[in-house]
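**Q** First the structure, then my questions, so here it is.
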Amino acid sequence: MDRCVVLVDAGYLLGAAASLLAGEPSRSRITVDHPAIVAGLRERAELETGQPLLRIYWFDGAPDRVPQPEHRRLRVMPRVTVRLGALTRTDGRWAQKGVDAAMHAELSELARNRACSDVVLVTGDGDLLPGMMSAKEHGVAVHLWAVQAADGDYNQSEDLVAEADERRVLDREWITRAIRAREIAVACAPLTPRPEIAAILSAPLPESSSAESVKAPSPAKNGSASSEHAAIGGKGVVPTPKDLAGLGRTQAASQAAPNATLRWSSEKGMVASETAPDLGLPTLALLTSAEQRWADREEDITTVSGDPFEVGQVFARRWIARLADPSQLQLLSTEYPRIPHRIDGELLRYAARFGLLAHKDDQIDEHDRYAIRAGFWREVDARTVAEHAPAAE
């Protein structure tokens, strides 16, 4: 069959690109324009093989093989198939498991079934050598592509290089069309700046456990609330929701309930009493028709990347758009930083659809929860500001 297929080892491609552009192989150091990189792979494969593209296979690792935001973006693109192996952490380092075996099996199956005449491999792992040899024995031409190595380091198996029919290098110019080094900056400042949220998103994660991070702060020696809160937001410390709520309390309220447990997902503990008034705000499920539910799911699959901040924005945008009473938005805004319990629980369940659950205990990572809620409040801010903006004359 006169067609070409591209098999991409994402760990190799993006790790080598990060080394080239950012000086270290961590993928967190780069940003990737996935539509651009897919278009670039297709264009170059068709040009160099002289054959139309059948498909791009994107092989990557993910915790418990749960698709991450980038995988969700990729798998809905035309002519792209995502195959996921496991991603495990050993001795403080992440490692892919099963990706090489999946690539080997796919390569052998394509060649055996004569599904293509040319295969492009973007990888450096010598474990694919048997698969490459098998493909050649079935009459498939094998093209091996390398990423330009940082500082002249060799980043491909010499056996793969020797066995390939053709070899090309994806140089810095090609890589930078779709991949950039990430600039270290404070994340996502809202339209109306909320310094508490900015501090949460920009501060490093705490080294202690999440259980310790929500423990009530020790009372100050002089017993004053102002002394207790003076230590909040110190360098290297992530403020907890309790810390944030405490900043807005009066001294009397703080003394009345010094050990109250405060969570953004709860209506309790934000005031001195143990019960909080029911705001009567409807959940998104109650505001959503069957037709809208189907359209929402379609948007989630095809458009929403799953970035935690974006997830919060999408949820808030839908909730606000479907409110029958605009005053309910104002009522919610006055409750910042608390999100009513039912709405907040619904928000976190929605976020769980996008693979944001930690694979060990089925809990959303603490930093992701901050980002989800920050996205929610950003959208509330934007809509509140828009409603109160003076009309143009």
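Since every read-out is calculated from the coordinates, none of them should be taken as a lab result. As the structure is a prediction and not an experimental result, all values here were calculated from the model. Reconstructed Cβ throughout: ideal geometry from the backbone, glycine too, with neighbour counts over all protein chains shown.
**Q** Would you mind ranking 60, 91, 368 by Cβ crowding within 10 Å, fewest neighbours first?
**A** 91, 368, 60
**Q** To the nearest 0.05, what FRET efficiency results for residue 349 and residue 109 with a Förster distance of 45 Å applied to their C-beta separation? Please list the in-between numbers first.
**A** Working: r = 38 Å, r/R0 = 0.85.
Efficiency, rounded to the nearest 0.05: 0.75.
**Q** While we're on this one: Rounded, prolate or oblate: pick one for the stretch 4-181, where a ≥ b ≥ c are the square roots of the eigenvalues of its C-alpha gyration tensor, a/c under 1.5 means rounded, and failing that, prolate if a/b is larger than b/c, else oblate.
**A** Verdict is rounded for the stretch 4-181.
**Q** Would you please give the residues with an amide H less than 5 Å from that of residue 168, counting only those at least 5 places away or on a separate chain, with H modeled from the backbone geometry?
**A** Here 144, 145, 146 satisfy the definition.
**Q** Using a basic spin-label model with each label point 7 Å from the Cα along Cα→Cβ, how many nm lie between residue 75 and residue 294?
**A** Here the answer is 2.3 nm between the modelled labels.
**Q** If you stretched the chain out fully between residue 88 and residue 173, how much longer would it get, using 0.36 nm times the residue separation minus the C-alpha to C-alpha distance?
**A** 27.4 nm
**Q** Still on this structure, I have one more. Would you mind computing Rg(Cα) / (2.2 N^0.38 Å) for the stretch 287-353, counting N as its residues?
**A** Ratio of Rg to 2.2 N^0.38 Å for the stretch 287-353: 1.14.
**Q** Taking the Cβ of residue 293 as the centre, find all other residues whose Cβ is under 12 Å away and add up their charges (Lys, Arg: +1; Asp, Glu: -1). The partial results should precede the final answer.
**A** Values: positive: 297, 318, 322; negative: 291, 296, 298, 299, 300.
With Lys, Arg at +1 and Asp, Glu at -1, the net is -2.
**Q** Using only the Cα atoms of the stretch 73-120, construct the convex hull and provide its projected area averaged over every direction, in square nanometres to one decimal.
**A** Projected area, direction-averaged: 4.6 nm².
**Q** While we're on this one: Kindly put 154, 350 in sequence by how many other C-beta atoms sit within 10 Å of each C-beta, fewest to most.
**A** Going from least to most buried by this count: 154, 350.
**Q** When the label point is put 7 Å from the Cα of residue 26 along its Cα-to-beta-carbon vector, which residues of the stretch 89-108 have a backbone N closer than 17 Å?
**A** Hits in the stretch 89-108 for residue 26 at 17 Å: 89-95.
**Q** Let me ask something else. Please report the net charge: other residues with Cβ closer than 14 Å to the Cβ of residue 140, K and R +1, D and E -1.
**A** -4
**Q** Then there's this: Defining a contact as two alpha carbons under 8 Å apart and six or more residues distant in sequence, what relative contact order in percent does the stretch 1-122 show?
**A** Across the stretch 1-122, relative contact order equals 37 percent.
**Q** Another question, if that's okay. Which whole-Hz ³J(HN,Hα) couplings does the stretch 171-176 yield from phi under the Karplus relation 6.51 cos²θ - 1.76 cosθ + 1.60, θ = phi - 60°, glycine and proline marked x?
**A** In residue order, the calculated couplings are 7, 4, 4, 5, 4, 6 Hz.
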